[in-house]
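J.: Have a look at this one.
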């Protein structure tokens, strides 16, 4: 690798990359060593083991550095400076190390994109839920009203069924004309009164024969205008 492809980084930042620490400068170093842009700190930390293998190839003494969780960070950085100085000159990875690193980082990049898409979808869904929550309460109230109306309709259908049964009992029967009925009643009464008057005339004739007097026939007859709603011969307002 030519010197034109080299880039100098602070030793502390390089050690932070190897130790798996995050940060924007760590992502920059990891991206440079991996020869690609990295979308997140997670990808940068994933590139750390590949960067460590590459550093061990460039600087065999790097294998002498061992980071332990219980070790003070300052002591680890001091040990790195004693081996490399304040800065470290690096080149991008190549060969087998680069190929394996690319496979791992491609998978992480795809996972990161999917995570971003899922996060955006979750945010959108949360926004819809906030909008729909009050509508859901209104829908529940409307459902209660619909249930009440449905119960009323069922009750009305039951009552209607009873009425239909009652109406069915009258089907086929002839309706009565009220005016015609009244005329029939008046005619019957007039006929009855005429018969009654005729009987009275006959009785009177028999009595008159005994004493030799004849009563005028016209006085015992029923007037033609007698009936419902008619006045008598003397206009006294009597009538049916």
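The values are calculated or read from the model by the stated rules, or taken from the named source; none is laboratory data. This is a predicted model, so every value here is computed, not measured. Don't worry about glycine lacking a Cβ; one is built from the backbone with ideal geometry, like all the others, and counts go over all protein chains shown.
J.: Any residue at all in the stretch 75-84 that is in the same structural domain as residue 8 (by TED's automatic domain parsing), closer than 20 Å to residue 5 by Cβ and modelled with pLDDT of 85 or more?
T.: Yes, the conditions are met somewhere in the stretch 75-84.
J.: So if I check each of 166, 118, which one is loosely packed, with under 10 Cβ neighbours inside 10 Å and either modelled with pLDDT under 80 or out of contact with any strand residue (DSSP E or B) (no Cβ under 7 Å at 6 or more places or on another chain) (or both)? Working first, answer last.
T.: Numbers: 118 fails: loosely packed, with under 10 Cβ neighbours inside 10 Å.
Unique residue meeting the criteria: 166.
J.: Please find, within the stretch 14-32, the residue that is surrounded by the fewest Cβ atoms within 10 Å (Cβ to Cβ) out of those that are modelled with pLDDT of 85 or more and within 13 Å of residue 55 (Cβ to Cβ).
T.: If we take residues in the stretch 14-32 being modelled with pLDDT of 85 or more and within 13 Å of residue 55 (Cβ to Cβ), then 32 is surrounded by the fewest Cβ atoms within 10 Å (Cβ to Cβ).
Residue-by-condition table, conditions (1) surrounded by fewer than 16 Cβ atoms within 10 Å (Cβ to Cβ); (2) under 18 Å from residue 12 (Cβ atoms):
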site: 59; (1), (2): no, yes
site: 68; (1), (2): yes, yes
site: 87; (1), (2): yes, yes
site: 94; (1), (2): yes, no
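J.: Another question, then. Out of curiosity, is residue 8 loosely packed, with under 15 Cβ neighbours inside 10 Å, in contact with a strand residue (DSSP E or B) (Cβ under 8 Å, 6 or more places away or on another chain) and outside any loop (DSSP other than H, G, I, E, B)? Full working, then the answer.
T.: Values: loosely packed, with under 15 Cβ neighbours inside 10 Å: yes; in contact with a strand residue (DSSP E or B) (Cβ under 8 Å, 6 or more places away or on another chain): yes; outside any loop (DSSP other than H, G, I, E, B): yes.
Taking the combined requirement at face value, the residue satisfies it.
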